[in-house]
Amino acid sequence: MVSEFVVGVPHPRLRPFVGDYSGYRIRGSSPGVHVGLPSRALTFIVAFDDPVDVDGGFVERDRYWALLAGLHARPALIRHDGRQHGVQLSVTPAGAAALFGVPAGLLSHQVVHLDAVVPDVAAGLVERLTGARSWRARWAILDAVLLGRLSPDDVMAPELAHAWSALVRGHGAIEIGELADSVGWSRAHLSRRFATAFGMSPKVMSRVVRFERAQRMLRLPTRPSLASVAAACGYADQAHMTRDLHEFAGSSPTAWMADEMITFVQDT
């Protein structure tokens, strides 16, 4: 069995818009279904040997060599035959506009072929990344392509940027009324503008951000107890966290941990 995970750091000018570059190569594992979890980021994937098979969840089944998936509040189901090989990037909502020219709200609860959004980027990108001789070479290709696309002037309203940052900084625990007051809008106006910009209401996005923090804590090598994670993340109790995990991951915390525990190693 081959299980390879590597991480690269994007060019400094890209870091406000994309997270780390993650490369993966898996061979010889059992066929199964990987669950794409809701998070604060859009997902950009380029597959190498076999296309990504997205089956169910919030979209109809399709296969993708290069995809962009919007923010979502339900799990995406990705089928595989025991082989997975490609690169994955987390894209911020601001990055959706700055790099791909599409507001994040237009992509919510969707998975789209990259050539439907930026055909000039999609053309040849799979071949270039597949043919690269090292992960470092792939990171260099991604830097060059994304820097060539970067248009940081395509920014959202400052009130929305502030609301997003405050929600993320607070790990989803900030009250919506407090969030609205902080930008000088009514709660109703904030909810409308936020839903248009990001594709989800601030209340639902707060739950997603809180869930994201919880599932990251559950991945820690120290394996904290479910009750301690629930308390740290602001859930009313462990049962409350379990309900959210069922909704966002499609399974119980123990079942999810058994299926999804993955260790990433730094590319050196």
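Quick note: the coordinates plus some simple rules give every number you see, no bench work behind them. Keep in mind the model is a prediction, meaning the values are calculated, not measured. Glycine gets a Cβ as well: all are built from the backbone with ideal geometry, and neighbour counts include every protein chain shown.
Below are the figures for this structure:
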| quantity | calculated |
| --- | --- |
| Net length gained if the chain between H113 and R216 were fully extended (0.36 nm per residue, minus Cα distance) | 34.3 nm |
| Helix-only CD estimate at 222 nm, as mean residue ellipticity for the chain, using -39500 (n - 2.57) per DSSP H run (n ≥ 4) | -12500 deg cm²/dmol |
| Within-15-Å neighbourhood charge of A231 [Cβ basis; K, R +1; D, E -1] | 0 |
| Low-density loop cleavage sites - trypsin sites (Lys or Arg not before Pro) in the stretch 185-239, where at most 16 other Cβ are within 10 Å (DSSP) | R219 |
| Anisotropy class of the chain from Cα gyration tensor, a/c 1.5 cut | oblate |
| The chain, dipole about Cα centre (Lys/Arg Cβ +1, Asp/Glu Cβ -1), debye to the nearest 20 | 380 debye |
| Candidates per trypsin sites (Lys or Arg not before Pro) in the stretch 96-142, loop by DSSP, up to 15 other Cβ within 10 Å | R133 |
| Centre separation in Å (Cα based) which lies between the stretch 199-243 and the stretch 11-43 | 20 Å |
